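Just below is one structure, and these are the notes that go with it.
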Amino acid sequence: MIRLTLSFFFIIVLLSCGENTKPTATKPEVKPNLAYGFDLNNYEVFYDTVQPDWTLSHLLLPYNVSQALVNEAYLLARDSANLNYIDKGNLCIMLCKKDNDTVKNLQTAIYVKNLVNYYVFNFTDSTVDVKEYNKPIDIALKETSAEILPGGNLSFAINRSVQNNNISYPLIEEIAGIFAWSIDFFHLQPNDKLKVIYEEKSVDGEVIGIGKIRSILFNHNKHDFYAFRYKVDSSTAYYNELGKGMKSLFLSAPLKYSRISSSYSPRRFHPVQRRWKAHLGTDYAAPRGTPIWTTADGVIIKRGYTPGNGKYVKVKHNKTYSTQYLHMSKFVKGQKVGDFVEQGTIIGYVGSTGLATGPHVCYRFWKNGKQVDARAQKFENAKPMDSTYLPTYLEFVDSAKQILDNIDYPTFENDTAKTIDSINS
């Protein structure tokens, strides 16, 4: 009887405890709000946009930062972080202390220079620290193709296939640079086609540009021109499918592709003098101010002005060849007669000085002291790679060509670049 009574007593106690116990309240989990390495949940956050003519003072003084610290921040940003000025329209994220004070007490300012680079200003009551940071850049291999249409050019073809200015314009420049020694971009033909494998750069999922072109097939005048980026020892360059370098003694033109307005001719009607005479050069029409570069290594032997040539530069490349560049709007500062200039060095800018009806450069070419048609000259490519590396390179070419061959030429139904698996660089 006693045992039953005690058991009943303990059951009542347990039931009573259960009735009086309330469930413990759990706080909802707050997910971190991460940006530029900071959890924004820990701060009172303000977003400012740099206005025209603003300095760091305009940004920082409203956040209870002393002028002395502003001055120190400017010096640190300029000297150690290489931030000379802030650009209008750029974002600045101000992280202030969380308190009940109405004064904005700044702890950290994040100045976003672009999609990749940003600067962090960390403040205390008496000191400031400035550091530059870079967001990680993701690289993916992409493939695309393009076709030259009647009346079109390389720019039109690439822009049609890659409808993203961050990609298309740099891609055009890279392609033209790789084939500058072998393809005449002033005379591309309808139905010329190309296939390209290139690196696409992105930050936080947003495409910001291209890296290197890995390989290209350019079908020009029904002839295949290949280029493959390949590393030999510590040097990386482009080679064709046989292992020959892409570079030649002379570039095919003295400026970026635009159009040929007048070719070399023993008899041409001069548009200014209004008479028939020889035109011993090639005229490349281009907007005023377009950079003009020397087509090969050499020494400047003339640099001046004549009523016919306008402002011009003449370069001697060796005992056989010399080139001349006429009608410049201005010369490059600091260059003078006797200076050595490497192939591709800018020596002046397109203009219409002298006997010229519009902005262009007249490109003249001497061989053994006689003016000849530059576009009719044939030059050997650079030396092939060392035979020691050739077997491995040719194996690489076989695999890279298979990828190129599997890329379809455009139908313009779907022009979007595709992501592909990585290939050996």
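Derivation of every value follows stated rules applied to the coordinates shown; laboratory data play no part. All values derive from a computational prediction rather than experimental measurement. Cβ sites come from the backbone with ideal geometry, for glycine too, and all protein chains shown count toward neighbours.
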*Label-point separation (nm) for Ala285 and Lys316, each offset 7 Å from Cα along Cα-to-Cβ?*
3.6
*Please identify every one of the chymotrypsin sites (Phe, Trp or Tyr not before Pro) in region 57-117 that sits in a loop by DSSP and has no more than 16 other beta carbons within 10 Å of its own beta carbon.*
Tyr85
_Footprinting exposure proxy for Cys92, Cys362 (fewest neighbouring C-beta atoms within 10 Å first)_ = Cys92, Cys362
_For region 342-401 and region 115-151, what is the centre-to-centre distance using only Cα atoms, to the nearest Å?_
34
*Where in region 309-323 does the label zone of Gln371 land, with the point 7 angstrom along Cα→C-beta and an amide N cut-off under 16 Å?*
309-315, 322-323
*Given Lys333/Lys378; Lys201/Lys378; Lys316/Lys378, which pairs have Cα atoms separated by over 28 Å?*
Lys333/Lys378; Lys201/Lys378
_Candidate lysines - alpha carbon under 16 Å from Lys113, same-chain residues fewer than 8 apart omitted_ = Lys88, Lys131, Lys135
*With a ≥ b ≥ c the root eigenvalues of the C-alpha gyration tensor of region 259-376, is it rounded (a/c under 1.5), prolate (a/b larger than b/c) or oblate?*
oblate
